[in-house]
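Participant: The following block contains the structure, expressed as structure tokens.
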Amino acid sequence: MSDIRITKVTANIGARVSGVDISRPLDEESVAAVREALNVHKALVFDDVNLDDEGHQAFVRHFGDLTTAHPTVGAVEGSPNVLPVDSERGRANHWHTDVTFVLNPPQATTLRSITVPPYGGETLIASSAAAYRDLPEPLRRLADGLWAEHTNDYDYAVPNEAFDEEQAAQRAQFTSIKYRTAHPVVRVHPLTGERGLFIGGFAQRIVGLSVGESRKILDLLQSYVIRPENVLRHHWSPNQLVIFDNRITQHYAVDNYDGQPRRLHRVTLAGDVPVGVDGGRSRSVEGDAAHYTPVAAAVPAAAAREAATVAA
């Protein structure tokens with residue numbers, strides 16, 4: 001195994017990984033060490049990576065099956081599993097967890113820097129596990145029993161002002177297949193057993209409540225996710241790769257670079273169906289995402305308990 005070193009970045013989220021060349025095939029011990037670090041720190045930063053799209057995908061495949069680029073948005077030409085996150089195609093300056101409008105959202109997201117603006121363009125990544133721990137006990141009890149409906153029936157990457165023709169076309173593509181899925185507001189992580197707030201920008205309504213009532217509750221819970229203490233502010237440099245656990249984080253791309261070019265490439269890992277505190281599993285209301293992602297195998301209870309012990 002390589003001499004992998006994990007350097008913590010903040011108290012609640014984030015670590016830098018060094019001592020491993022992720023452009024080469026990893027042995028089982030190295031894969032386990034990176035997975036354990038992701039369980040503990042939720043987001044990992046690799047500097048000076050020597051990767052193209054093929055190498056990026058090969059690294060991610062160490063941890064499971066890949067999704068295609070996106071359920072409705074086009075991939076990088078010739079690479080159906082790679083999504084271009086390009087400022088020219090819109091800006092995701094909205095807190096969200098990737099693709100939560102499908103039944104089994106990605107378990108993890110990786111982003112690789114292609115073009116970095118000379119200033120700005122950071123990615124904020126928040127720990128929803130730390131947010132859940134911060135909740136007062138009455139709010140925890142409330143959140144534990146709630147379910148939220150997530151949908152893609154709007155485009156988080158398009159600003160809220162009136163759409164121009166290009167933005168209207170982007171929105172039409174993003175919603176070309178309508179998805180609605182009911183997820184637990186508190187998700188139990190399948191490996192660590194941690195509880196995290198599973199909400200974000202695609203969560204539009206609490207099941208059983210009106211839109212107005214839902215918004216108040218979602219905004220209250222979201223305020224704990226985005227507390228500065230729970231957020232890693234990642235400043236991009238050339239040739240970096242960041243991986244974050246999509247099951248227990250949210251992220252936000254900061255639009256503060258004066259419209260200069262900014263491009264990342266995204267590869268995501270197929271995920272499992274979320275499970276709530278009571279053992280209930282998410283359910284699809286509308287839309288079939290079978291073309292986008294396989295369902296990751298459920299983790300046996302004994303393995304989950306073992307992983308939770310390692311991560312503790």
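The values are calculated or read from the model by the stated rules, or taken from the named source; none is laboratory data. Everything numeric here is computed off the predicted structure, so don't read it as measured data. As a convention, Cβ positions derive from the backbone with ideal geometry for all residues, glycine included, and neighbour counts pool all protein chains shown.
Participant: Tally the residues that are touching a residue at least 12 places away in the same chain (Cβ under 8 Å) and surrounded by fewer than 21 Cβ atoms within 10 Å (Cβ to Cβ), restricting the search to segment 117-139.
Facilitator: 9
Residue-by-condition table, conditions (1) in contact (Cβ under 8 Å) with a residue 60 or more places away in the chain; (2) of a type outside the set (A, V, I, L, M, F, W, C); (3) surrounded by 19 or more Cβ atoms within 10 Å (Cβ to Cβ):
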{"site": "Thr10", "(1), (2), (3)": "yes, yes, no"}
{"site": "Asp21", "(1), (2), (3)": "no, yes, no"}
{"site": "His56", "(1), (2), (3)": "yes, yes, yes"}
{"site": "Glu77", "(1), (2), (3)": "no, yes, no"}
{"site": "Pro80", "(1), (2), (3)": "no, yes, no"}
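Participant: Would you say Ile248 is hydrophobic (A, V, I, L, M, F, W, C) and at pLDDT below 95?
Facilitator: no
Participant: Using beta carbons and a limit of 8 Å, which pairs, at least six apart or on different chains, have the first residue in segment 25-42 and in contact (Cβ under 8 Å) with a residue 60 or more places away in the chain and buried (at least 19 other Cβ atoms within 10 Å of the Cβ) and the second one in a helix (DSSP H, G or I) and of a type outside the set (Gly, Ala, Ser)?
Facilitator: Asn39/Val310
Participant: Kindly establish whether Thr249 is closer than 13 Å to Thr100 by Cβ, touching a residue at least 40 places away in the same chain (Cβ under 8 Å) and out of contact with any Leu (no Cβ under 7 Å at 6 or more places or on another chain).
Facilitator: Judged against the criteria, Thr249 is a match.
Participant: Further question on the same structure: Can you name the strands (runs of 3 or more DSSP E) wholly within segment 192-257 that have at least 1 residues being buried (at least 21 other Cβ atoms within 10 Å of the Cβ) and more than 20 Å from the chain's Cα centre (by Cα)?
Facilitator: Those strands (runs of 3 or more DSSP E) span 203-206.
Participant: Another question about this same structure. Which of the residues belonging to segment 285-309 are among the charged types (D, E, K, R), surrounded by 13 or more Cβ atoms within 10 Å (Cβ to Cβ) and either assigned to a loop (DSSP other than H, G, I, E, B) or modelled with pLDDT of 50 or more (or both)?
Facilitator: Listed by number, the list holds a single entry, Glu286.
Participant: Same structure again: For segment 17-45, which positions are over 18 Å from Gly196 (Cα atoms), over 15 Å from the mean Cα position of the chain (by Cα) and among the aliphatic types (A, V, I, L, M)?
Facilitator: Within segment 17-45, Val17, Val20, Ile22, Leu26, Val31, Ala32, Ala33, Val34 qualify.
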